[in-house]
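Peer 1: Here you go, one structure.
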Protein chains: 2
Amino acid sequence: MCAEGGIHEIEPRSGVAFTLDRGDRLTVIDPRGEQVADLLAFNRHDLDEVISSGRTLDYASRIYLTTGDPLYSNRSNVLLRIVEDTVGRHDFLLTPCSSDTFRIIYGDAHPHRGCFGNLAAALQPYGIAPDRIPVAFNCFMNVPVDAATGALRVEPPLSRAGDHISFVAERDLVIGLTACSALQSNNGRFKPIHYRIERGEGRTQPA
Amino acid sequence: MCAEGGIHEIEPRSGVAFTLDRGDRLTVIDPRGEQVADLLAFNRHDLDEVISSGRTLDYASRIYLTTGDPLYSNRSNVLLRIVEDTVGRHDFLLTPCSSDTFRIIYGDAHPHRGCFGNLAAALQPYGIAPDRIPVAFNCFMNVPVDAATGALRVEPPLSRAGDHISFVAERDLVIGLTACSALQSNNGRFKPIHYRIERGEGRTQPA
C-alpha cells in the first residue's frame with residue numbers, strides 16, 4: 001500500500017521486504033506512536049552477509065544506537081547508517097517475536113506467526129531462509145536493562161505519532177521490515193508502520 | 001592436548017571443536033583466572049540450528065545467565081543448559097573477536113585472527129562456514145552495561161583460578177570453544193582454557 005508522498009504502509013502485525021541501492025535513504029515512521037518495527041538488512045549480492053548485533057554493539061561500545069551509528073554486518077562491513085532519529089531508544093538485543101515467543105512467553109495455544117513469520121514470508125522470494133534471520137534492529141522498541149542484575153524489561157516505546165528514524169544504505173541491500181506483532185512491545189495495541197524511500201543522488205529509477 | 005583427569009587444554013589464543021551427545025556434561029574451566037572462553041553450539045544433525053542470543057535473552061528476560069538457564073537456538077529449542085556456575089558473570093551480547101575487531105577497536109596493522117578465526121578453522125571440518133558463526137556465549141566475559149546510557153565496558157573477568165561453568169547438552173551438538181584472543185577481555189594476558197566432558201548416563205564410549 002502506497003499512501004501520499006511516497007509513504008508506504010505496513011499493516012498491523014505484518015511485514016514486507018524490498019531492496020535498497022547504496023545511497024538510498026530509508027525512513028521508518030511510527031504514525032500513531034508506541035509501535036515497534038523490526039528491521040533486517042542483507043547484502044543483496046551475497047545474502048550470507050547480514051546485520052550483526054554482536055559486531056555492531058561491540059564496535060559502538062553501547063547497546064542503544066542513534067544518529068551517526070553504523071549497523072555492521074557479520075563480516076564487519078557497514079550495511080546501514082542511522083542518519084536521523086527523533087526517538088533515541090531502540091533495541092538490538094532481541095530476536096523478532098515468533099510463534100515460539102507467543103507460546104513460551106505469552107502461553108498462547110494458537111500463536112500468531114509474529115515478526116519472525118512475517119519476515120520469513122516476506123524474505124522468501126529473495127531466497128532468504130528463516131534460519132538466516134538474526135537479531136533484528138528493533139526500531140522504537142524500549143528495552144531497559146538493570147545494570148546490577150541484567151534483568152531486561154520490554155516497556156512501551158518512547159515514540160509518539162510521527163516520530164521516525166532514518167537510515168542510509170551503504171551497500172545494495174534486501175530489507176525486511178515489520179509492524180511488530182507482540183502485545184508487550186507495543187503497549188498492548190497493534191498499529192501500522194509507515195516507511196519512505198528516497199533514492200540516492202544521481203539516480204532516477206522509482207522505488 | 002589431554003591433561004590428567006580427562007582435562008583438555010586449549011592453548012592461549014586458540015580454539016577447538018568437538019561433539020557432544022545429548023546428556024553429556026561439558027565443564028569449561030578457567031585454570032589461571034581472568035580468562036574468557038567463547039562457546040558456540042550447533043545442532044549436529046542440522047547445522048543451520050545454532051545458539052541464539054536474541055532468543056535466549058528474550059526468554060530469560062535477563063542479559064546475564066547462570067545456573068539453571070537454558071541456551072536456546074534460533075529455532076527456540078534448548079541446545080545447552082547451565083547446570084553449575086562458580087562465577088555468575090558471562091556475556092551473551094558480543095560476537096567473537098576477529099581480525100576486524102583488532103583492526104577497528106585496537107587499530108592493529110597486522111591483526112590476529114581472533115576467536116572468530118579460531119572458531120572458523122575449528123568448525124570447518126564439521127562443515128560449518130564462517131558466516132554461520134553468531135554471537136557466542138562468552139564464558140567468564142565481564143561486560144557491565146550502564147542502564148541510563150546503554151554504554152558497555154569490557155572489564156576483567158570475575159573468574160579466579162579453578163572457577164568453572166558446566167553445561168548439559170539437550171541435543172546432539174557440535175561445540176566450538178576458545179581461549180579468547182582479545183587483550184581487553186582477559187585483563188591483558190592470554191591464558192589457556194581447560195575443559196572436561198562427562199558422558200551421559202548409560203553411555204560408555206570415550207570422549
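Peer 1: Return the residue satisfying two criteria in turn: it lies in region B:89-112 and is hydroxyl-bearing (Ser, Thr, Tyr) and open to solvent by 40 Å² or more (accessible area, probe 1.4 Å), and of such residues it is nearest to A:Ile63 (Cα to Cα).
Peer 2: Keep residues of region B:89-112 that are hydroxyl-bearing (Ser, Thr, Tyr), which gives B:95, B:98-99, B:101, B:106.
This time we only want the ones that are open to solvent by 40 Å² or more (accessible area, probe 1.4 Å), so: B:99, B:106.
Details: B:Ser99: 22, B:Tyr106: 20 Å.
Residue satisfying both the conditions and the ranking: B:Tyr106.
Peer 1: Take B:Ala60 and tell me if it is hydrophobic (A, V, I, L, M, F, W, C) and without any contact (Cβ under 8 Å) to a residue 12 or more places away in the chain.
Peer 2: yes
Peer 1: Then there's this: Can you tell me which residues in region A:121-153 are farther than 15 Å from B:Ala148 by Cα and surrounded by 20 or more Cβ atoms within 10 Å (Cβ to Cβ)?
Peer 2: Within region A:121-153, the first condition is being farther than 15 Å from B:Ala148 by Cα, and the residues that meet it are A:121-141.
Hits for region A:121-153 are A:Ala122, A:Leu123, A:Ile128, A:Ile133, A:Pro134, A:Val135, A:Ala136, A:Phe137, A:Asn138, A:Cys139, A:Phe140, A:Met141.
Peer 1: Taking region A:16-75 on its own, how many of its residues are more than 25 Å from B:Val145 (Cβ to Cβ), charged (D, E, K, R) and crowded, with 24+ Cβ neighbours inside 10 Å?
Peer 2: 1
Peer 1: Sticking with this one: Does B:Gly188 count as more than 14 Å from chain A (Cβ to nearest Cβ) and surrounded by fewer than 23 Cβ atoms within 10 Å (Cβ to Cβ)?
Peer 2: Values: more than 14 Å from chain A (Cβ to nearest Cβ): yes; surrounded by fewer than 23 Cβ atoms within 10 Å (Cβ to Cβ): yes.
Spelling it out, B:Gly188 is indeed more than 14 Å from chain A (Cβ to nearest Cβ) and surrounded by fewer than 23 Cβ atoms within 10 Å (Cβ to Cβ).
Peer 1: Which of the residues spanning region A:73-99 are touching a Phe, Trp or Tyr at 6+ places or on another chain (Cβ under 6 Å) and free of Cβ contacts under 8 Å to residues at least 60 places away in the same chain?
Peer 2: Listed by number, the residues that qualify are A:Phe92, A:Ser98.
The values are calculated or read from the model by the stated rules, or taken from the named source; none is laboratory data. Here the structure is a predicted model, which is why all the values come from computation and not from measurement. In this analysis, Cβ positions are derived from the backbone assuming ideal geometry, glycine residues included, and neighbour counts consider all displayed protein chains. Calculation scope for accessible area: heavy atoms of the full protein, side chains included, ligands and nucleic acids excluded. Shrake-Rupley method; radii C 1.70, N 1.55, O 1.52, S 1.80 Å.
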